[in-house]
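To start, the structure under review is shown below, and the notes come after it.
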Amino acid sequence: MTAQSPNILEIGKDGLGNLPPPKHIAIIMDGNGRWAQQRGLPRVTGHENGAAALRTVTETCCEIGVGCLTVYAFSTENWKRPVEEVHALFGLLEHFLAAELPTLLANNIRLRAIGRLQELPASALCALEKTIDLTSHNTGMNLVLAINYSGRAELEDAVRSVCKEVAEGLLRPENFTQEDLQRHLYTRDWPDPDLLIRTSGEMRLSNFLLWQLSYTELYVTPKCWPDFGREDLLEAVLDFHRRKRRFGGI
Ligand code: IPE
Ligand code: IPE
Ligand code: MG
């Protein structure tokens with residue numbers, strides 16, 4: 001083991017040691033339902049424990065100096081779930097925002113959100129906007145909640161905005177480049193994720209950040225999200241440091 005690659009025991013107390021943190025980590029927080037099912041508990045208890053895991057992982061990311069943490073909290077496809085579960089999830093979101101505000105402020109974290117937010121239940125949207133506003137002057141890590149998010153819907157919205165610019169004469173079609181698309185993405189303020197973590201073992205993207213994950217390192221763990229803690233996050237980041245990113249080069 002070299003000084004460049006400490007093992008998980010060495011980093012336990014000391015975060016990542018000397019290793020630089022990824023600038024942007026994205027997480028598909030999956031497996032709350034299975035976690036609950038395995039324990040004979042209602043799915044909503046899984047979501048409650050998932051919210052607790054998010055707090056721990058957010059604090060760990062802050063501690064190691066991650067610039068941006070984007071978490072998939074609710075997809076546009078998740079409306080297909082029973083109405084009681086959807087209702088419970090938005091109730092939990094409101095509770096999470098209120099309960100975590102002191103932690104966000106204490107850690108200098110700026111909360112942001114991506115997705116078709118205007119379609120959220122009014123009180124959830126109101127709580128979200130309030131928390132975004134109250135943390136807007138923070139200068140530390142960005143915690144980005146993807147809510148009512150879909151990668152394809154994001155691209156649809158971005159292309160629509162580009163079309164408007166063309167219609168208004170602000171952009172000529174022959175001058176259009178991918179940078180024009182990029183500046184209309186919900187994620188235009190942040191670099192693309194370096195590392196994507198998906199819990200509960202599924203090997204798919206489920207419509208998450210389709211454009212932004214082009215060269216992201218993928219890390220899938222069988223652990224369900226409520227069981228994912230500080231050491232798991234550090235282990236994922238260590239694994240990331242062992243990757244050779246080539247971006248098409250040699
Ligand atoms: C992730 O856990 C949370 C949301 C999608 C809102 P799931 O609820 O998808 O848990 P599983 O996949 O059914 O176990
Ligand atoms: C992805 O998980 C969405 C979130 C984690 C919010 P899903 O549980 O909805 O994904 P699928 O249905 O297994 O692809
Ligand atoms: Mg799932």
Exercise. Here is a list of conditions, (1) of a type in the set (Asp, Glu); (2) in contact with a strand residue (DSSP E or B) (Cβ under 8 Å, 6 or more places away or on another chain); (3) in a helix (DSSP H, G or I), and Asp189 meets all of them except one; can you say which number that is?
Worked result: (3)
Problem set entry | Flag if Leu16 is more than 28 Å from Asp133 (Cα to Cα) and either more than 12 Å from ligand 2 (Cβ to nearest atom) or not aromatic (Phe, Trp, Tyr) (or both) | yes
Problem set entry | Thr56 assigned to a helix (DSSP H, G or I) and of a type in the set (Val, Ile, Thr) | yes
Exercise. Which of the residues belonging to segment 74-114 are charged (D, E, K, R), assigned to a helix (DSSP H, G or I) and within 16 Å of ligand 2 (Cβ to nearest atom)?
Worked result: Glu77, Lys80, Glu85
Problem set entry | Hey, Leu218 open to solvent by 70 Å² or more (accessible area, probe 1.4 Å) and touching a Leu at 6+ places or on another chain (Cβ under 7 Å) or not | yes
For this session: Take the residues in segment 16-62 that are open to solvent by 50 Å² or more (accessible area, probe 1.4 Å) and at pLDDT below 95, then tell me which one is nearest to ligand 1 (Cβ to nearest atom).
Result: Pro20
Exercise. Mind checking whether some residue in segment 141-157 is open to solvent by less than 60 Å² (accessible area, probe 1.4 Å), part of a strand (DSSP E or B), closer than 23 Å to Leu117 by Cα and away from ligand 2 (no atom under 16 Å from the Cβ)?
Worked result: yes
For this session: Would you confirm whether any residue within segment 188-197 is touching a helix residue (DSSP H, G or I) at 6+ places or on another chain (Cβ under 6 Å) and free of Cβ contacts under 8 Å to residues at least 60 places away in the same chain?
Result: no
Problem set entry | In segment 181-206, the residues that are away from ligand 2 (no atom under 16 Å from the Cβ) and aromatic (Phe, Trp, Tyr) | Trp190
Exercise. Can we say Glu165 is open to solvent by 80 Å² or more (accessible area, probe 1.4 Å) and either over 29 Å from Gly31 (Cα atoms) or among the hydroxyl-bearing types (Ser, Thr, Tyr) (or both)?
Worked result: no
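Which residue is nearest to ligand 3 (Cβ to nearest atom), if the candidates are limited to segment 63-73 and must be buried (at least 17 other Cβ atoms within 10 Å of the Cβ) and not in a helix (DSSP H, G or I)?
Out of the qualifying residues, it is Tyr72.
The values are calculated or read from the model by the stated rules, or taken from the named source; none is laboratory data. All values derive from a computational prediction rather than experimental measurement. Methodologically, a virtual Cβ is constructed for each residue, glycine included, from the backbone with ideal geometry; neighbour enumeration extends over all protein chains shown. Accessible surface is based on the protein model in full, side chains and every heavy atom, while ligands, DNA and RNA are left aside. Shrake-Rupley method; radii C 1.70, N 1.55, O 1.52, S 1.80 Å.
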